[in-house]
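Values in this text are rule-based calculations from the coordinates and carry no lab data. Just so it is clear, the structure is predicted and the values come from calculations on it, not from any experiment. Positions of Cβ are generated from backbone atoms using ideal geometry, with glycine treated the same way; all protein chains shown enter the neighbour counts.
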Ligand code: NAD
Ligand code: MG
């Protein structure tokens with residue numbers, strides 16, 4: 001029997017790094033949370049395993065063939081799970097009236113429609129899928145303002161900033177905030193010789209020193225485009241001026257970000273680099289629940305370092321600032337070109353240092369247009385993808 005307080009959760013991207021961490025936290029609190037839906041594009045066997053463990057009402061996969069496979073895998077079980085597929089299935093489980101909370105943890109632009117569906121249906125939306133917000137900025141924020149949805153950031157930096165702000169905040173100026181310090185580790189190539197950076201392999205790029213993550217975000221961390229996307233994400237989420245956000249390299253990933261106040265106070269949120277902390281925070285907010293993450297041992301940690309990012313090494317930071325300064329469709333274009341370039345790098349078709357080059361060329365060939373609605377977002381996204389793909393062909 002479902003108790004009155006029990007929250008029903010849809011986990012979009014359940015087989016990914018964030019999805020697995022989410023299920024780990026949910027499994028620690030079976031009285032508090034039930035799983036309504038689980039979704040995945042690949043790793044159907046793992047999804048079937050998760051269905052057996054969490055007995056969701058729905059499971060959603062990418063296509064009809066995947067759905068047939070999953071149904072066969074679940075055929076001998078007594079599960080209540082109905083199998084759906086495609087974007088429609090994702091939107092359905094993100095907006096079903098029986099759902100309270102949606103974990104948006106699909107990677108990339110593919111998460112946009114289901115995340116927006118959750119926002120429009122007034123859910124508590126736990127936003128890991130930063131690309132959805134970055135690509136659709138004003139459209140996304142308008143949808144949020146027009147709905148009863150509550151959005152809580154899962155990205156560890158934004159979750160940290162949220163925790164360092166008064167709640168409710170009422171705007172940065174009213175809260176006495178001068179600056180947001182967005183920390184980033186600098187990734188695996190912070191000290192790598194610049195002249196051999198173009199030889200690095202996908203596996204080297206994905207070997208993040210502190211965090212274990214999906215491959216796309218791992219490459220983004222290595223180029224620091226992840227911090228660029230997070231800079232745009234922070235401008236949108238906290239209604240901050242670009243000049244109010246400073247990126248600080250912090251190699252240990254213990255301070256997850258900071259907020260500087262008018263009176264000289266600098267508030268930081270710290271913890272071991274484990275995404276279960278922001279996930280547990282956002283799931284239970286304003287309460288606190290156990291996440292399975294060990295307390296930070298500052299003595300064992302010993303030291304925390306901070307340095308300015310090197311603009312020559314990380315051109316993606318500049319590209320993200322330029323995209324945000326111009327606004328309109330430019331962040332959409334930045335995100336789309338990045339997704340295409342990162343995929344090409346992961347498949348061995350593009351060198352690491354060519355990633356920002358492709359993005360800059362695509363941005364330079366697409367004048368910014370106003371994002372009037374979802375259609376404008378999707379047009380800019382597909383045009384930028386096509387241009388980036390053409391550039392890869394001709395490279
Ligand atoms: P991942 O690659 O490990 O997992 C992605 C999930 O999305 C998988 O379940 C996959 O099957 C699903 N998926 C991928 N493409 C899809 C598509 N086209 N349609 C439907 N489902 C699809 O990625 P991740 O590291 O878990 O990251 C997920 C999101 O969270 C990303 O936006 C990332 O930037 C963000 N994020 C991740 C971390 C982290 O520590 N991993 C931290 C902060 C933010
Ligand atoms: Mg982050």
MRE, 222 nm, helices only [DSSP H, n ≥ 4, -39500 (n - 2.57), over the chain, to nearest 500]: -14000 deg cm²/dmol
Neighbour-count order for 96, 305, fewest beta carbons within 10 angstrom listed first: 305, 96
Using Cα pairs closer than 8 Å and at least 6 residues apart in sequence, work out the relative contact order for region 7-153, in percent. 22
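Rank by packing, highest mean first: peptides 58-69, 364-375, 137-148, with packing defined as the count of other Cβ atoms within 10 Å averaged across residues.
58-69, 137-148, 364-375
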When the chain is treated as a Gaussian network with springs between alpha carbons less than 10 Å apart, the largest mean-square fluctuation among 163, 244, 252 is found at 244
Work out how far the C-alpha atoms of region 5-143 reach from end to end along every principal axis, then list the three figures in whole Å, largest first. 47, 36, 26
For region 187-329, alpha-carbon Rg and Dmax in angstrom: 16.5, 49
Relative contact order of region 1-48, please, whole-number percent, based on alpha carbon pairs below 8 angstrom and at least 6 residues apart. 47
Going from the fewest other Cβ atoms within 10 Å to the most, one would list 359, 154 as 154, 359
Between the alpha-carbon centers of region 264-330 and region 99-151, tell me the distance in whole angstrom. 20
Please arrange 248, 134, 99 by counting, for each residue, the other beta carbons lying within 10 Å of its beta carbon, fewest first. 248, 99, 134
Over the chain, what relative contact order in percent results from Cα pairs under 8 Å that are six or more residues apart? 14
From the alpha carbon gyration tensor of region 293-395, can you work out the equivalent ellipsoid semi-axes (sqrt of 5 times each eigenvalue) and give them in Å, largest to smallest? 32, 18, 14
So what is log10(I(q)/I(0)) for region 337-376 at q = 0.14, 0.15, 0.28, 0.36 1/Å, when the Debye sum runs over its Cα atoms only? -0.40, -0.44, -0.87, -1.12
What are the extents of the Cα atoms of region 140-210 along their three principal axes, listed from largest to smallest and rounded to whole Å? 48, 27, 19
Please report the Cα spread of the chain along all three principal axes, rounded to whole Å, starting with the longest. 58, 53, 43
Please figure out what share of the DSSP beta bridges in the chain is antiparallel and state it in percent, rounded to the nearest 5. 25
In nm, to one decimal, how far is the modelled label at residue 46 from the one at residue 326, with both set 7 Å along Cα→Cβ? 3.6
